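Read-outs throughout are calculated quantities, based only on the coordinates presented, and are distinct from any laboratory measurement. What you see is a predicted model; the values in this text were computed from it and never measured. When we count neighbours, we look across all protein chains shown, and the Cβ atoms used for this are built from the backbone with ideal geometry, even at glycine.
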Amino acid sequence: MTTRTRPNRVALSGDMLVAPPPLESGDRLTRHEFERRYEAMPEIKKAELVEGVVYVASPVRFKNHGKPHAQIIGWLLNYSVATPSVDLTDNTTFRMDVDNEPQPDAMLLLNSALGGRTRISEDDFVEGAPELVVEIAATSAAYDLHDKKRATGVTACRST
């Protein structure tokens, strides 16, 4: 699983070191404040900002997430190997706009020279709308199928 490497940062306030408030599900934040708090909490392995609301991930189970995730990655890996102009990412954060910074299970990105809509920022984040976003939504369906789907413009497919 790809995760951010984040140092534990604190800000100076007068003569005191002040840690930012903790990042918690349900917080309503700007993208800048979300990133500041996320970077200060390296113990959080996955958090997303969707429509200005923070979602901190719960544990991942085998049958409902791990196995289908591995299968979709295998399928997309074969596709990306056969299509050199396409990059595959796994659990990579992308900065969609000022209110949205999701971390989907997988994405396909088309090379920008060929019309792709994303770019890689100086600090190594995907910015813009990927060509394909995949989310395994067994335990996170409450927001994956509503707020996150609406924010990213994803068309949902359901697998049983």
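Can you give the FRET efficiency for A113 and S80, using 1/(1 + (r/R0)^6), R0 = 22 Å, r = Cβ-Cβ distance, to the nearest 0.05? It comes out at approximately 0.85. Counting beta carbons within 10 Å around each of D99, D123, D87 and listing the fewest first gives the order D123, D99, D87. Using the alpha carbons alone, the radius of gyration of the range 11-152 stands to its Kirkwood radius in an Rg to Rh ratio of 1.01. How many percent of Cα pairs in the range 28-80 exceed 18 Å? Value for the range 28-80 (Cα pairs over 18 Å): 52 percent.
Distance between the C-alpha centres of the range 59-135 and the range 32-57: 18 Å, rounded to the whole angstrom. Between E122 and F62, the C-beta separation translates, for a Förster distance of 35 Å, into a calculated FRET efficiency of about 0.40. Taking the fewest neighbouring Cβ atoms within 10 Å as the starting point, the ordered list for K46, K63 is K63, K46.
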